[in-house]
Amino acid sequence: MFCKRGRVNGLGLEDRSPRRIQRAHIQSGFLFSISPCLPDSAARPRIPEGRTEVMQQGEGSEAEVTWEDQVSINRFSNLNNRLHELEDEIKAAKEANENLEDAGNELILTDEDIVRFQIGEVFAHVPRDEVETRIEQMKEVTTKNLEKLEEEKESVVAQMAELKVVLYAKFKDSINLEED
């Protein structure tokens, strides 16, 4: 059984995961699957609420994976993704703060009364005192944003630690929650 997939129009194809289409052939705007189609249940196994599945542990023992366990594993995965996003946002906020600090230092060194200041995509001639106050306001905003991001990161790390304890207690060496 082979399946014909939807029209290729540059907007993307729905449900085209690598598990479902291993090799593809595009001919006159249509995407044809060369490999057999898997039913949705085979492509994305799910544990219905209230049901359990058996997970093989390291030395042959088995542990049941309940719906609540699967929710905990998914929650850990979402928190891990958010942690990586927060680390990127924190890095960008630190760079922005350093750039504002450098701009403030350069402004101190200049002896001009009117300086060019970027507003959006345009540079405007602005009095030096006004630029100093704007830079200080921008530094305060980025510092507060950085503190907020750091607090959220601490919260995410704490939640992940709690989930690790629960999941490792149940699944022992059958589950790996560490970064590679």
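The values are calculated or read from the model by the stated rules, or taken from the named source; none is laboratory data. Keep in mind that what you see is a predicted model, and the values were worked out from it rather than measured. Note that we place each Cβ from the backbone using ideal geometry, even for glycine, and neighbour counts take in every protein chain shown.
Of the residues that sit in the range 98-115 and are within 27 Å of L146 (Cα to Cα) and of a type in the set (D, E, K, R), which one is surrounded by the most Cβ atoms within 10 Å (Cβ to Cβ)?
Here the answer is E101.
Identify, please: which residue in the range 81-130 is of a type in the set (A, V, I, L, M, F, W, C), touching a helix residue (DSSP H, G or I) at 6+ places or on another chain (Cβ under 8 Å) and not in a strand (DSSP E or B) and is, among those, nearest to V157 (Cα to Cα)?
Within the range 81-130, the match that is nearest to V157 (Cα to Cα) is L83.
If you check every pair at least six apart or on different chains, which have Cβ atoms under 6 Å apart with a residue in the range 102-113 that is not assigned by TED's automatic domain parsing to the domain that holds D129 first and a residue that is small (G, A, S) and surrounded by 10 or more Cβ atoms within 10 Å (Cβ to Cβ) second?
So the pair list comes out empty.
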